[in-house]
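The values are calculated or read from the model by the stated rules, or taken from the named source; none is laboratory data. What you see is a predicted model; the values in this text were computed from it and never measured. Neighbour counts run over all protein chains shown; Cβ positions are idealised from the backbone, glycine included. Heavy atoms of the whole protein, side chains included, go into the accessibility calculation; ligands, DNA and RNA do not. Shrake-Rupley method; radii C 1.70, N 1.55, O 1.52, S 1.80 Å.
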Amino acid sequence: MDRKLKVSLIGTGAVAVIILVTVCAALIKRTVPSKEVLPLAEYYESQDGKASVILDDHIYEKKALIIDNYMYLDLETVVSMFNHRFYWDENENILTYATPTELIRAEVGNLAYYINKSKQNTPYAIVKTNGKDVYIALEFVKQYSDMMYESFHEPERIVIQSQWGEVSFVTTKGEATIRLEGSIKSPILKKLTKDSKLRIVNEEEVKENKKENKKFWKVVTEDGVIGYVLKSEVNTIETETLESNYEAPQYTHIEKEYKINMVWHQVTNESANANLLNLLDGTKGVNTISPTWFSVNSNKGTISSLANQSYVDKAHNNGIEVWALVDDFNPEVSLFEVMSHTSSREKLVNSLVSEAIKYNIDGINVDFEHITKDSAPHYLQFLRELSIKCRSNGIVLSIDNYVPASYNAFYNRKEQGEIADYVVIMGYDEFHATSKESGSVSSIGYFEKGLKDTLADVDKERVIMGIPFYTRVWQETIEDGETKVSSTAYTMDSAWKFMEDNGVTPIWDEATGQYYGEFESEGVVYKCWLEEEKSVEERMKIIGEAGIAGVSAWRLGFEKKDVWNIIIKYAN
């Protein structure tokens with residue numbers, strides 16, 4: 001063979017060998033699993049004095065504090081994730097938790113807490129603070145919340161279970177590895193022995209078979225390591241049901257065996273109490289009356305009172321319960337200040353309940369209409385605390401609310417429906433004294449939607465719907481090219497007479513479910529959507545069909561006498 005040819009063949013062969021070796025090396029590199037181990041301390045981003053939190057199937061963004069070998073979670077996490085009824089008073093540094101019958105309180109750093117004034121000792125401080133940051137002992141949270149946890153060490157971490165129901169899991173066939181990502185080249189997080197139990201994280205994807213073509217399952221180990229395991233290393237998927245052994249406290253309610261037919265009685269001075277029987281004369285079926293007796297009159301939680309024993313006795317003699325109203329209408333009082341201090345809330349609660357017991361009052365009707373988004377959490381805590389005292393003394397608790405809207409969602413009617421006996425919806429003031437345009441006090445659509453939206457959050461047995469016994473006569477004038485609007489509240493009779501005296505015969509308006517009339521005099525346009533028997537019946541039909549607890553009307557003395565014949569047809 002020619003020497004040059006031999007050399008050429010040898011060179012070609014060498015190149016081929018090199019290529020083969022390179023390909024094989026690349027193949028081996030790609031197919032041989034990585035032996036690199038990622039330390040768990042690095043995986044969890046461990047920090048001294050802190051523990052990582054594995055919440056259900058993910059590593060939580062915040063860490064727990066380790067204080068004297070006990071785990072503490074920040075208040076925001078506890079409230080948002082586990083139990084929205086834990087309440088912190090940053091003014092007086094008191095943690096409060098309200099059950100249906102117990103008021104539980106703990107002060108910062110104390111190794112004790114109080115249940116309805118009874119002292120309980122613990123081996124740990126229940127609440128700790130670091131400046132404005134508040135932390136609660138997880139052991140204490142667990143007593144009152146639907147969750148469980150387990151601690152692990154090296155590195156420090158806690159695994160929390162707070163979601164329940166059916167889950168998917170697999171067990172390892174033999175030795176297996178959990179990797180950081182779904183690749184054999186990804187670092188190892190943990191080596192597993194045979195029969196290790198792994199909960200599958202992407203359960204929805206399992207159910208929908210979206211990842212059957214993939215080689216890995218995303219799983220979480222029992223000690224909180226979240227990563228990927230080869231499907232070939234585990235057995236067939238099984239399911240089990242995670243069940244909680246936590247028993248939530250049950251709220252009991254005072255529920256009348258009859259439909260509530262309530263009317264609010266505006267009482268502005270002592271002498272007005274004497275007019276009760278005159279105002280009740282001609283009514284029919286009224287079984288509950290709510291006099292406007294109490295008003296919060298200081299930031300310390302004190303109240304003014306117009307309560308009257310003779311009034312209560314007269315009502316009871318006529319088979320009528322008295323649910324005394326408390327309002328927040330005093331402009332010199334900051335409801336935020338009152339509600340956000342434990343001492344002033346306690347003062348207010350005790351004052352109201354004391355008055356109810358003193359005068360044999362059957363119920364308290366809370367009519368706070370100036371709650372802001374900032375004061376809402378404190379207001380709800382006040383209601384929880386008031387409900388405990390009312391419940392233990394057999395006092396009916398009812399709470400007045402606006403018609404549900406995005407701007408008042410923080411009133412939290414759903415929570416009210418849990419803790420109170422009745423949630424009262426004021427189905428009026430669609431257009432009110434400060435409105436910039438004329439309109440109905442309560443159109444039929446507004447009323448119906450208000451009830452429907454309430455029932456989405458509150459059981460019908462808890463709901464009382466308020467109707468108006470008043471209307472507004474609107475005056476529209478043109479000033480500098482702009483329409484200026486003002487209004488005056490009228491009783492049913494006086495509004496109708498006002499229209500008739502000005503030559504107007506109101507006509508029925510299907511859109512609003514009311515009679516409507518208007519006229520012009522001396523450059524002023526007068527408009528009125530009237531309330532009377534027919535408009536009341538349209539609303540009572542809605543109330544009757546919904547099967548709710550009853551009706552309430554604002555206010556006694558403003559009605560036409562014949563409306564009571566309409567009301568008792570649906571509230572009896």
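Evaluating N110 against the criteria (1) open to solvent by 30 Å² or more (accessible area, probe 1.4 Å); (2) within 21 Å of S80 (Cα to Cα) leaves one unmet condition, (2). Condition (residue is at pLDDT below 95, surrounded by fewer than 17 Cβ atoms within 10 Å (Cβ to Cβ) and at positive phi) applied to the range 280-292: is it met by at least one residue? So far as the range 280-292 goes, yes, one or more of its residues are at pLDDT below 95, surrounded by fewer than 17 Cβ atoms within 10 Å (Cβ to Cβ) and at positive phi.
Results for (1) within 15 Å of I260 (Cβ to Cβ); (2) open to solvent by less than 40 Å² (accessible area, probe 1.4 Å), shown as yes or no for each residue.
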{"site": "A511", "(1), (2)": "no, no"}
{"site": "Y515", "(1), (2)": "no, no"}
{"site": "F519", "(1), (2)": "no, yes"}
{"site": "E522", "(1), (2)": "no, no"}
{"site": "C528", "(1), (2)": "no, yes"}
{"site": "I548", "(1), (2)": "yes, yes"}
{"site": "V551", "(1), (2)": "yes, yes"}
{"site": "W554", "(1), (2)": "yes, no"}
{"site": "A571", "(1), (2)": "yes, yes"}
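Residue under question is Y359, and the condition is that it be under 17 Å from S305 (Cβ atoms), open to solvent by 10 Å² or more (accessible area, probe 1.4 Å) and in contact with a helix residue (DSSP H, G or I) (Cβ under 6 Å, 6 or more places away or on another chain); does it hold? Spelling it out, Y359 is indeed under 17 Å from S305 (Cβ atoms), open to solvent by 10 Å² or more (accessible area, probe 1.4 Å) and in contact with a helix residue (DSSP H, G or I) (Cβ under 6 Å, 6 or more places away or on another chain).
Inspect the range 214-228 for any residue being open to solvent by 60 Å² or more (accessible area, probe 1.4 Å), part of a loop (DSSP other than H, G, I, E, B), among the charged types (D, E, K, R) and at pLDDT below 95 and give the result as yes or no. There is at least one residue in the range 214-228 that is open to solvent by 60 Å² or more (accessible area, probe 1.4 Å), part of a loop (DSSP other than H, G, I, E, B), among the charged types (D, E, K, R) and at pLDDT below 95. Among residues of the range 64-90 that are under 19 Å from I104 (Cβ atoms), those with a beta-carbon under 9 Å from a residue that is open to solvent by 70 Å² or more (accessible area, probe 1.4 Å) and among the aliphatic types (A, V, I, L, M) at least six positions away or on a different chain give the pairs L73/M81.
Can you find a residue in the range 127-144 that is open to solvent by 20 Å² or more (accessible area, probe 1.4 Å), farther than 21 Å from W88 by Cβ, not in a loop (DSSP other than H, G, I, E, B) and not hydrophobic (A, V, I, L, M, F, W, C)? Checking the range 127-144: not a single residue is open to solvent by 20 Å² or more (accessible area, probe 1.4 Å), farther than 21 Å from W88 by Cβ, not in a loop (DSSP other than H, G, I, E, B) and not hydrophobic (A, V, I, L, M, F, W, C). If you go through the range 421-434 and keep only what is open to solvent by less than 10 Å² (accessible area, probe 1.4 Å) and either free of Cβ contacts under 8 Å to residues at least 60 places away in the same chain or of a type in the set (V, I, T) (or both), you end up with V423, V424, I425.
Scanning the range 227-262 for residues that are among the polar types (S, T, N, Q) and under 30 Å from A176 (Cβ atoms) yields a total of 6. Scanning the range 484-497 for residues that are surrounded by fewer than 18 Cβ atoms within 10 Å (Cβ to Cβ), more than 37 Å from the chain's Cα centre (by Cα) and without any contact (Cβ under 8 Å) to a residue 40 or more places away in the chain turns up K484, S494, K497.
Yes/no matrix, rows are residues, columns are (1) under 31 Å from the mean Cα position of the chain (by Cα); (2) among the hydrophobic types (A, V, I, L, M, F, W, C); (3) within 26 Å of H341 (Cα to Cα):
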site	(1), (2), (3)
T268	no, no, no
L277	no, yes, no
L280	no, yes, no
V286	no, yes, no
P291	yes, no, no
K300	yes, no, yes
I303	yes, yes, yes
L306	no, yes, yes
Q309	no, no, no
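Taking the conditions (1) in contact (Cβ under 8 Å) with a residue 24 or more places away in the chain; (2) open to solvent by 30 Å² or more (accessible area, probe 1.4 Å); (3) more than 23 Å from H265 (Cβ to Cβ) in turn, I507 satisfies each one other than (1).
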